[in-house]
Amino acid sequence: MTVVAPRRADQEEDVAGLAEVHMGAMLGVRLLASEYNTGPLHDGRIGSRGLDENADPVMVEFERGADGG
């Protein structure tokens with residue numbers, strides 16, 4: 001793990017990118033996809049998608065601000 005100097009994240013992607021780089025060390029998750037599209041039926045996306053040490057799916061959503069929706 002690398003110590004990161006505190007700073008304000010201007011974009012949600014800033015936080016997601018930093019977390020995804022260290023997802024294995026922080027969560028034990030192997031990253032498979034970023035901004036994964038859920039398809040036309042749900043018309044959405046999943047922030048980060050990966051597999052844990054048991055090969056179980058993990059989804060992580062990043063939100064910036066007090067009200068992430």
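Values quoted throughout were computed directly from the atomic coordinates according to the rules given, and no laboratory measurement underlies them. Remember, predicted model here, so these are calculated numbers, not experimental data. Note: ideal-geometry Cβ built from the backbone for every residue, glycine included; neighbour counts use all protein chains shown.
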Task: Computed magnitude of the charge dipole of the chain (debye, nearest 20; Cβ of K, R +1, Cβ of D, E -1) - done: 180
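What whole-number value in cubic angstrom gives the convex hull volume per residue for the C-alpha atoms of the chain?
Details: hull volume 6.8 nm³, N = 69.
Considering the Cα atoms of the chain, their hull volume per residue is 99 Å³.
Can you compute the helix-only [θ] at 222 nm over the chain? Use -39500 (n - 2.57) per DSSP H run of at least 4 residues, normalise by all residues, nearest 500 deg cm²/dmol.
About -5500 deg cm²/dmol.
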TODO: Answer with one residue from Leu18, Asn54, Gly39: the one whose Cα lies farthest towards the positive end of the charge dipole of the chain, charges on Cβ with Lys, Arg +1 and Asp, Glu -1.
DONE: Leu18
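Would you work out the relative contact order for the chain, in percent, from Cα pairs under 8 angstrom that are 6 or more residues apart?
Details: 81 pairs, mean separation 17.4, N = 69.
About 25 percent, as a whole number.
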